[in-house]
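Structure first, commentary second.
Just so it is clear, none of the values below were taken in a lab; they were calculated from the coordinates. Only a predicted model underlies this, so the values are computations on that prediction, with no experimental measurement involved. With ideal geometry, Cβ positions are generated from the backbone for all residues, glycine too; neighbour counts draw on all protein chains shown.
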Amino acid sequence: MQITAIHAYEVIASGGYPSVEVKVTLDEGSIGVASVPYGASAGSHEASVLVDEDKMRYNGKGMLTAIKNIHEEIAPHLLGMDASNQKLIDSTMIQLDGTPQKSKLGGNAILAVSLAVARAAAASLKKPLYLHIRDYYQTGTDFSALPQPMAVVIEGGKHADNSTDLQEYCFSVLKQGTRAESIRIMLECYHSLEKILKENKLSTNVGNEGAFAPNGITSNEAPFAYMLQAIERAGYTAGQDVGFSIDAAASEFFSDGKYVLKIENRALSSIEVIEYFKGWLEKYPIVTLEDPLHEDDWSNWTAAKQMCDAHNVALVGDDLTVTNKERLQTAIDSQAISSILIKLNQIGSLSETVETCMLAKAHGMSVIPSHRGGGETNDTAMIDLAVAVGGRFIKVGPTRGERVAKYNRLLEIERELNA
Ligand code: PGA
Ligand code: ZN
């Protein structure tokens, strides 16, 4: 399984800017292709997305530098290497880069190569990617419970203008059954929500992730009433068939030591913002709460976790942990979270991502692989990863081509496993 060619090029991502795609060829003819996304509300501790800064192209957001790095810095070291030795491939690139956030070669460059190599190896082994990841990293997953949909249905924050301060309100399917059924339930609730928003004279335009972005909504709590009605009208029971997941993405509205809720004209301290969310956990069928606090507000995360534990709600780290093993370890040591969002491009290689997932699982945490809001491609590796590590949910927006590609991949895997 010798790598004989690595070819990188730009593809257009959902945000209308380019991203990186890589094609890896092996000596026996197998090919692996992978592209990577980027975030809209990226945490400051994430692996870098290296862009050209050439204002004459794509407002400076071209990816030609990352691509040049792949051809000139990465490929010369990887050509001839064994594609089945993913850990060595990834550690070679990490060493070549040598910076904590992969800012020299670009996390986007390294991850695209990492995933393309994994796909080429899987093709050579005649295995689907999820099976290759499961077997190679010995994750021990038995595929008896595939991840459930966590679909963003109302979005605000950095994902949509004039909507909520909080970034995401999701339907998380709880009902046991096939994932084909889970996806149908989620989409029926989504369509039902569309009708309800319309009846309430709210816009049903969608934001970055295909979720509604009701213009001019006047409180961050208002979405829950519509979401409850939507579930009921679709014929399901909130809290039993479908629960709520919130991603506050609080780093995005933290300013001068306060959590600034613009649409409510309030600025809250850490303690007050925990109380604010507590009120919701008491009233609504919330199953997960993500990033309720700033990414470096460590001491208050512990208090937030105690509050969530008391309500049987999973407290999820995203910008806090950025799929980074060291940050996860800090979160474990300080009892800051009970669940972790996973984004391959936050850390920038497949091996590091799987390691973080396994560390989380070893500490009893659920893992939730996620799409990105800024620029997604049609690549579906995040689904294979989620299946391979036994993710509890996948966070993926309900509509738009680059999002439904993920759900269709999950359906494909389910069919394959049941065949
Ligand atoms: P992003 O946000 O991909 O736009 O950074 C998604 C999230 O915060 O979960
Ligand atoms: Zn998030």
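In segment 392-410, the residues that are at positive phi form Cβ pairs under 8 Å with partners that are assigned to a strand (DSSP E or B), at six or more places apart or across chains, as follows: R400/V206.
Yes/no matrix, rows are residues, columns are (1) surrounded by fewer than 22 Cβ atoms within 10 Å (Cβ to Cβ); (2) out of contact with any His (no Cβ under 9 Å at 6 or more places or on another chain):
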{"site": "K258", "(1), (2)": "yes, yes"}
{"site": "E264", "(1), (2)": "yes, yes"}
{"site": "S270", "(1), (2)": "yes, no"}
{"site": "F277", "(1), (2)": "no, yes"}
{"site": "T288", "(1), (2)": "no, yes"}
{"site": "T302", "(1), (2)": "yes, yes"}
{"site": "D309", "(1), (2)": "yes, yes"}
{"site": "L328", "(1), (2)": "no, no"}
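A Cβ distance below 7 Å, combined with a sequence gap of six or more or placement on separate chains, defines the contacts here; from segment 142-163, residues that are within 16 Å of R184 (Cβ to Cβ) reach residues that are charged (D, E, K, R) and in a strand (DSSP E or B) in the pairs M150/K395. The condition (being away from ligand 1 (no atom under 16 Å from the Cβ) and closer than 30 Å to A5 by Cβ) is satisfied by just one residue among S114, S192: S114. Checked against (1) without any contact (Cβ under 8 Å) to a residue 24 or more places away in the chain; (2) within 16 Å of ligand 1 (Cβ to nearest atom), T356 passes all but a single condition, namely (1). Within the set E72, E46, E53, the sole residue that is charged (D, E, K, R) and closer than 26 Å to D27 by Cα turns out to be E72. Only residues that are of a type in the set (F, W, Y) and within 16 Å of ligand 2 (Cβ to nearest atom) were counted across segment 228-285, and they come to 5.
Of K278, K283, K305, which residue is basic (K, R), touching a residue at least 24 places away in the same chain (Cβ under 8 Å), in contact with a Leu (Cβ under 8 Å, 6 or more places away or on another chain) and more than 16 Å from ligand 1 (Cβ to nearest atom)? Steps first, answer last, please.
Details: K278 fails: in contact with a Leu (Cβ under 8 Å, 6 or more places away or on another chain); K283 fails: in contact with a Leu (Cβ under 8 Å, 6 or more places away or on another chain).
Answer to the check: K305.
Filtered by the rule that a residue be surrounded by 18 or more Cβ atoms within 10 Å (Cβ to Cβ) and part of a loop (DSSP other than H, G, I, E, B), segment 1-37 gives A13, S14, G15, Y17, S30, V36, P37.
Taking strands (runs of 3 or more DSSP E) as the structural unit, those lying wholly within segment 303-419 and holding at least 3 residues that are in contact with a helix residue (DSSP H, G or I) (Cβ under 9 Å, 6 or more places away or on another chain) correspond to 314-317, 339-342, 366-369. Within segment 344-353, not a single residue is aliphatic (A, V, I, L, M), within 15 Å of ligand 2 (Cβ to nearest atom), under 24 Å from Y190 (Cα atoms) and in contact (Cβ under 8 Å) with a residue 24 or more places away in the chain. None of I347, I337, I383, I342 is more than 28 Å from A213 (Cβ to Cβ), of a type in the set (V, I, T) and crowded, with 24+ Cβ neighbours inside 10 Å except I347. Within segment 38-58, the set of residues being surrounded by fewer than 18 Cβ atoms within 10 Å (Cβ to Cβ) and either part of a strand (DSSP E or B) or in contact (Cβ under 8 Å) with a residue 24 or more places away in the chain (or both) comprises S44, Y58. Of the residues making up segment 359-378, those that are of a type outside the set (S, T, N, Q) and within 14 Å of ligand 1 (Cβ to nearest atom) are V367, I368, P369, H371, R372, G373, G374, G375, E376. Under the condition of being touching a strand residue (DSSP E or B) at 6+ places or on another chain (Cβ under 7 Å) and under 16 Å from A5 (Cβ atoms), the residues counted in segment 63-73 number 3.
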